[in-house]
Amino acid sequence: MAIVAPKGRKHLSADALFRLVRSGFATIPDALLSDTEISVTDALMSAFAMFSLKSPSLLAFDKERTEGNLKTIYGIEHVPCDTYMRELLDPLCPEALRPLFKSVFRQLQRGKALEPLAFLEDYYLVALDGTGYFSSKTIHCASCLHKVHRNGSRTYYHQMLGAAILHPDVRAVIPLMPEPIVKQDGTVKNDCERNAAKRFLVKLRQDHPHLKFIVTEDSLSSNAPHIETLHAHGLHYILGVKEGDHTYLFQQVQAAEHSGRVTSYERHDRAAGLVHRFRFVNDVPLNESNAAIRVNFIEYWEMGADRVQHFSWVTDLRVSPRNVYHLMRGGRARWKIENETFNTLKNQGYNFEHNYGHGTHNLSVVFAVVMMLAFLVDQTQQLCCALFRAVWTKMGSKRLLWERMRALFYTYRLDSMREVWAALLYGFEKSPPVVYLDTS
């Protein structure tokens, strides 16, 4: 009896999402208004395929662009050479790619795939964090930030504010459209993470006006202006705090403890050999100069046999013994934006910090956003596709999975990504080579 591959939700399969991405690219106008046989749709889809296949460089992708299944699987009619791909994509506005993220997100909603990520009943945790992905003392573009050193030299660099929906118990994350931290038009000063966060929150509410979010960030975001911005957009928060940076807050917590307002709570996990110790207090001022900004404070110790870890947060959600453990897990889940997102992109085959091409205007940012879109499709497979998860389990690592996928893709004629996953999982019959002899 033939082995049948696990069934999945067709509209969330890789092949359906590739078609969705291509149709979204088709709505983006050609910034060059070029009259050539290669469209901006093909150029964007080629960049997407390059990141989807985890090609180590644009040159490597260019060498194999006439081979494989780029037309049958990715729907690319004409693959541009590396130089022409850069020329076509450099003028594009990265913001034009935002509808693509929304389209994939709608498919996740339609398939009820986001339900496992619901946190505290019907909220979604959104982690925000900044990261850098390019740095050079010579290569730069109009979007580059720059740092002037004491000797007069400059370092040019790119950063972005990343965002992902996550859950403490779910390994997959759902990245949202990142907010580039780039030189803004008409400004001399560098852009910064705080300004990028303001722009991101406006767009988050525009894209998802009805979803209930809890934003989790590190201690740099625990300031009155940012908290007021979160409130203005109807967003809850769990933000890290540090005693060295929030001296007044910790003094107020100590004063509350002396007056008997602080609650202490312990939870024992005998199976793991851990003790979870909490102290918390509601309604304390964040800092002396913004006494009107009241927050709820959580301090937490994870105590094991040979190690004690300590964390603290502020939140606008009222804290009680009933929910403090869950709020702690939400605060600690913020690390997934670093480990499951940025570290995955940098260390598990995506080559996030590799310079695929810089251009003079937007190319570096466009490539970074398209890579994040390819990562979103991959994470959707990880969350929704049993066949993909089975292949991943068999391979043991994503790096090996990508290597085997790429080798198969460029060696055999295949009609769908599902065929690729099935061949990797169940094996495939290799035909013997056909040798033609000259008998003349």
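Structure values in brief
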item	result
Of all residues in the range 382-411 being in contact (Cβ under 8 Å) with a residue 40 or more places away in the chain and aromatic (Phe, Trp, Tyr), the one that is nearest to residue 166 (Cα to Cα)	388
Subset of the range 217-245 that is in contact with a strand residue (DSSP E or B) (Cβ under 8 Å, 6 or more places away or on another chain) and part of a loop (DSSP other than H, G, I, E, B) - its residue that is nearest to residue 201 (Cα to Cα)	235
Residue that is nearest to residue 162 (Cα to Cα), among those in the range 190-216 that are outside any loop (DSSP other than H, G, I, E, B) and open to solvent by 50 Å² or more (accessible area, probe 1.4 Å)	193
Qualifying positions in the range 340-355 - open to solvent by 10 Å² or more (accessible area, probe 1.4 Å), out of contact with any Lys or Arg (no Cβ under 6 Å at 6 or more places or on another chain) and polar (S, T, N, Q)	343, 347, 351, 355
Tally of residues being under 12 Å from residue 296 (Cβ atoms) and within 34 Å of the chain's Cα centre (by Cα) across the range 228-272	6
Search result, residues across the range 258-267 that are free of Cβ contacts under 8 Å to residues at least 24 places away in the same chain and either surrounded by 13 or more Cβ atoms within 10 Å (Cβ to Cβ) or among the β-branched types (Val, Ile, Thr) (or both)	261, 262
Residue, surrounded by the most Cβ atoms within 10 Å (Cβ to Cβ), within the range 62-84, restricted to residues that are assigned to a helix (DSSP H, G or I) and not aromatic (Phe, Trp, Tyr)	70
Residue that is modelled with the lowest pLDDT [pool: residues in the range 17-36 that are polar (S, T, N, Q) and either in a helix (DSSP H, G or I) or closer than 30 Å to residue 111 by Cα (or both)]	27
Test set (1) within 22 Å of residue 335 (Cα to Cα); (2) open to solvent by less than 70 Å² (accessible area, probe 1.4 Å); (3) part of a helix (DSSP H, G or I) - residue 255 fails condition number	(1)
From the options 77, 67, 95, residue that is on the phi < 0 side of the Ramachandran plot and modelled with pLDDT under 90	67
Within the range 268-297, considering residues that are touching a residue at least 60 places away in the same chain (Cβ under 8 Å) and either in a strand (DSSP E or B) or not hydroxyl-bearing (Ser, Thr, Tyr) (or both), the one surrounded by the fewest Cβ atoms within 10 Å (Cβ to Cβ)	290
The one condition in (1) in contact with a helix residue (DSSP H, G or I) (Cβ under 9 Å, 6 or more places away or on another chain); (2) modelled with pLDDT under 95; (3) not acidic (Asp, Glu) that residue 411 fails to fulfil	(1)
Pick from the range 97-123, criterion touching a Ser or Thr at 6+ places or on another chain (Cβ under 9 Å) and of a type outside the set (A, V, I, L, M, F, W, C), ranking: surrounded by the most Cβ atoms within 10 Å (Cβ to Cβ)	107
Subset of the range 37-51 (residues that are in contact with a Pro (Cβ under 9 Å, 6 or more places away or on another chain) and over 18 Å from residue 352 (Cα atoms))	38, 40, 42, 43
Total residues in the range 374-417, condition over 24 Å from residue 343 (Cβ atoms) and crowded, with 20+ Cβ neighbours inside 10 Å	3
Selected residue (criterion: farthest from the chain's Cα centre (by Cα)) from residues of the range 49-61 that are buried (at least 19 other Cβ atoms within 10 Å of the Cβ) and not in a loop (DSSP other than H, G, I, E, B)	61
Residue check, residue 57 small (Gly, Ala, Ser), over 18 Å from residue 411 (Cα atoms) and free of Cβ contacts under 8 Å to residues at least 60 places away in the same chain	no
The one condition in (1) of a type in the set (A, V, I, L, M, F, W, C); (2) within 23 Å of residue 328 (Cβ to Cβ); (3) open to solvent by 20 Å² or more (accessible area, probe 1.4 Å) that residue 241 fails to fulfil	(3)
Residues satisfying the stated conditions in the range 325-359, i.e. under 18 Å from residue 222 (Cβ atoms), in contact (Cβ under 8 Å) with a residue 12 or more places away in the chain and in a helix (DSSP H, G or I)	327, 328, 330, 331, 332, 337, 338
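A quick yes/no check of all residues on (1) open to solvent by 50 Å² or more (accessible area, probe 1.4 Å); (2) in contact with a His (Cβ under 7 Å, 6 or more places away or on another chain); (3) closer than 22 Å to residue 192 by Cβ; (4) part of a helix (DSSP H, G or I):
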residue: 86; (1), (2), (3), (4): yes, no, no, yes
residue: 95; (1), (2), (3), (4): yes, no, yes, yes
residue: 134; (1), (2), (3), (4): no, yes, yes, no
residue: 159; (1), (2), (3), (4): yes, no, yes, no
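The values are calculated or read from the model by the stated rules, or taken from the named source; none is laboratory data. What you see is a predicted model, and the numbers here were worked out from it, not measured in a lab. All Cβ positions, glycine included, derive from the backbone under ideal geometry; neighbour counts span all protein chains shown. In case anyone asks, the SASA skips ligands and DNA or RNA and just uses the protein heavy atoms, side chains included. Shrake-Rupley method; radii C 1.70, N 1.55, O 1.52, S 1.80 Å.
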